[in-house]
Ligand SMILES: [Zn+2]
């Protein structure tokens, strides 16, 4: 009886031992699977963050060079190269780039771009449960929109109707930006007092040209045109400072309308204005010019520049997206999807 009882007890122990082993095995498997998922999904997540950061940086770097005409393959290649350069800086392999697309075309011009990255992360622990690799994909897009406001504006304005005429005639190269007195016939351009008050001397004026007007000015603001007076001397020197400070593309003689760095000081932002009456103008947009080998006639207050489209920063005009009525080539770079 005793023996039998003992056997019964040990039998019971044996049964429990087997169950515990099974439970332990299942438990370990679950734990291993979970650990595998936690570790590998975690690593995949890090890969995703790496891709996303690289994609964001790359589209911003490339987007600064928008817009690009549909037919302007050279410019599109420059933008794509810039994107690849930033991806390489962030250690993205070329085979991780799925696509680079130009987007948001209006009248034959692309105003946006989209980048898609994909990578296959080779798993470590998750191989235990038959998962060899995890696909990670990330995308980023940017779009340029007309600038509603701008800083670093120079105190030379252009009259809207006159600029419209120049653009309609396709006259965008080597335009005389006239801001002083003299005999010139170009009435499109004129000096403008950015502080919005009458008066202001030549020193203040040339300071605005050299350093740009630091306060942001916005479409709709009213300003005073400046009577062409003794502006020529100091302002000519001021434009010279801006022109000579360019350090980009040294082999080609610096920034030109064909190739420029948007942040260069040769890139000048000029308010586009409409006269409300003889003494008041209202800002209706911003135009961008690249200063050229200026000093056509410095003493008469003239500089030369070519009209370009460029990302100048400031505040984006989200309303002007559909019709680009108010845009004169001055854009803000914004994220898109
Ligand atoms: Zn430059």
Of the listed residues (220, 200), the one being at pLDDT 85 or above, more than 16 Å from the ligand (Cβ to nearest atom), more than 30 Å from residue 75 (Cα to Cα) and not in a helix (DSSP H, G or I) is 220
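Rundown of residues vs (1) modelled with pLDDT under 75; (2) surrounded by fewer than 16 Cβ atoms within 10 Å (Cβ to Cβ); (3) closer than 19 Å to residue 309 by Cα; (4) more than 16 Å from the ligand (Cβ to nearest atom), yes/no style:
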residue: 184; (1), (2), (3), (4): yes, no, no, yes
residue: 187; (1), (2), (3), (4): yes, yes, no, yes
residue: 231; (1), (2), (3), (4): yes, no, no, yes
residue: 257; (1), (2), (3), (4): no, no, yes, no
residue: 266; (1), (2), (3), (4): no, no, yes, no
Hey, could you check the range 124-157 for residues that are modelled with pLDDT under 85 and over 24 Å from residue 288 (Cα atoms) and say which is surrounded by the most Cβ atoms within 10 Å (Cβ to Cβ)? 126
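Name the one entry in 143, 75 that is within 20 Å of the chain's Cα centre (by Cα) and assigned to a strand (DSSP E or B).
Only one candidate qualifies: 143.
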Enumerate the pairs (first residue in the range 257-280 and closer than 22 Å to residue 165 by Cα; second residue anywhere and surrounded by fewer than 14 Cβ atoms within 10 Å (Cβ to Cβ)) with beta-carbon separation below 6 Å, excluding pairs fewer than 6 apart on the same chain, so at least 6 apart or on different chains. 280/222
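The values are calculated or read from the model by the stated rules, or taken from the named source; none is laboratory data. Since we're looking at a predicted model, the values are computed, not measured. Ideal geometry is used to build each Cβ from the backbone, glycine not excepted, and the neighbour counts take in all protein chains shown.
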